[in-house]
Amino acid sequence: MITVKGVVKRFQNETAIRYRDMVFEDGKSYMLLGASGCGKSTLLNMIAGILSPEEGSILIGDEDMTKKSQKEKDKFRIERIGYIFQDFKLIPEMTVMDNINILRLERVDTSGADGTLAALGMLDKKNKKVKHLSGGEKQRVAIARAIVKKPEIILADEPTGNLNFEIGEAVIRQLMEISRGKTLIAVTHDERLAKYFDCTVDMNEVTGGDGNV
Ligand SMILES: Nc1ncnc2c1ncn2[C@@H]1O[C@H](COP(=O)(O)OP(=O)(O)OP(=O)(O)O)[C@@H](O)[C@H]1O
Ligand SMILES: [Mg+2]
C-alpha cells in the first residue's frame, strides 16, 4: 500500500502543491488525471524517491520514503519500482536489448528480458537500434525496461502520450496484462482509457482549489 499523507511540495520558484491524502492499494491499477501543472509527475517522482516533499510522508508498505537518505531511496527504486518516463529515456544509438541490459550497471537482473519483450510483441526487434523504431515500439521498450526486474510498483507517466488512440490502447492493454497483481499508477490525459483501470484519481479534485499555497 502506498500512503500519501499531508504532503506539500514546494519548488524554489515558490510554486507549492498541497496534496490531499491518498491511498493506493497493493495490486490495483490507478489512472491519474488532472490539468497540466497540477502535480501528477511530481507525485510520481516523490513516490519514486526522485523528489522529496517539504511536508508530510509517503509510505510504501511501512517504509517512509521521506525519511530515507537519497542513497536508500535510489536503492529502493532500483529494486522495487519500475518507472516508465514520459520521454522514454532510451538511448537511440543502442539496440533494444542493450537499452535493457544497461540496467545491469545498477545490478538489476535482466535475465527475463527475452520473455518481457516477447510479452510486448517486441522480441523480433531486440537487435534493432532504438532510433529505428516507431513511437509505439519505443514505448514498448520503455515499458519492458521498467518491468524486467519484476517490480511490485509500476509508475507510468503518460505511457500513451505520444501514440495515437489505437496504438495507445494496445499499449495500455499490454501494460495491464503485464502489471497484473502489481500496483500500477499511470498518468494519462485520455479518459477513454479509464475503463482499463481499477480506479481513477482526479488530481484536480485531489489538490482542490487550494492547490497553490
Ligand atoms: N523542478 C521544478 N522547479 C520548479 N517548479 C517545478 C519543478 N517541477 C515542477 N514544477 C512545477 O510544479 C507544478 C507541477 O508540475 P508537474 O510536472 O508535477 O505537473 P503535471 O501535473 O505532471 O503536468 P503535465 O500534465 O503538464 O505533465 C507546475 O506548476 C510546475 O511548473
Ligand atoms: Mg507531468
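Using +1 at the Cβ of each Lys and Arg and -1 at the Cβ of each Asp and Glu in the chain, identify which of PHE88, PHE11, PHE24 lies farthest towards the dipole's positive end.
Of the options given, the answer is PHE88.
Find me the longest stretch of the chain that has none of the exposed trypsin sites (Lys or Arg not before Pro), where exposed means in a DSSP loop (not H, G, I, E or B) with at most 13 other Cβ atoms within 10 Å. List each step's numbers first, then the result.
Values: sites that count: LYS89, ARG107, ARG180.
Within the chain, the longest run free of exposed trypsin sites (Lys or Arg not before Pro) spans 1-88.
Report, in whole Å, the centroid distance computed from the Cα atoms of region 85-107 and region 126-197.
Using only Cα atoms to place each centre, the spacing works out to 15 Å.
Going 7 Å from the Cα of LYS28 along its beta-carbon direction, which residues of region 62-86 have the amide nitrogen within less than 20 Å of the resulting point?
Within reach of a label on LYS28: 62-63, 82.
With +1 on each Lys and Arg Cβ and -1 on each Asp and Glu Cβ, and nothing else charged, work out how big the dipole of region 2-203 is about its Cα centre, in Debye to the nearest 20. Could the numbers behind the result be given before it?
Details: 32 positive and 30 negative charges, 94 e Å.
Approximately 460 debye in magnitude.
Please give the residues of region 42-62, grouped as numeric ranges, whose backbone N is less than 19 Å from a label point set 7 Å along the Cα-to-Cβ vector of ASP74.
Label zone hits: 45-53.
How big is the chain along each principal axis, measuring the range of its Cα positions in Å and listing the largest first?
So the extents along the principal axes, rounded to whole Å, are 50, 38, 34.
Quick one: GLU72, GLU169, fewest Cβ neighbours within 10 Å first, how do they rank?
Values: GLU72 13, GLU169 17.
Going from least to most buried by this count: GLU72, GLU169.
A short reminder: the numbers here are calculations on the coordinates, not readings from a lab. Please read these numbers as outputs of a predicted model, since none were measured by experiment. Please note: Cβ atoms are built from the backbone with ideal geometry, for glycine as well, and neighbour counts cover all protein chains shown.
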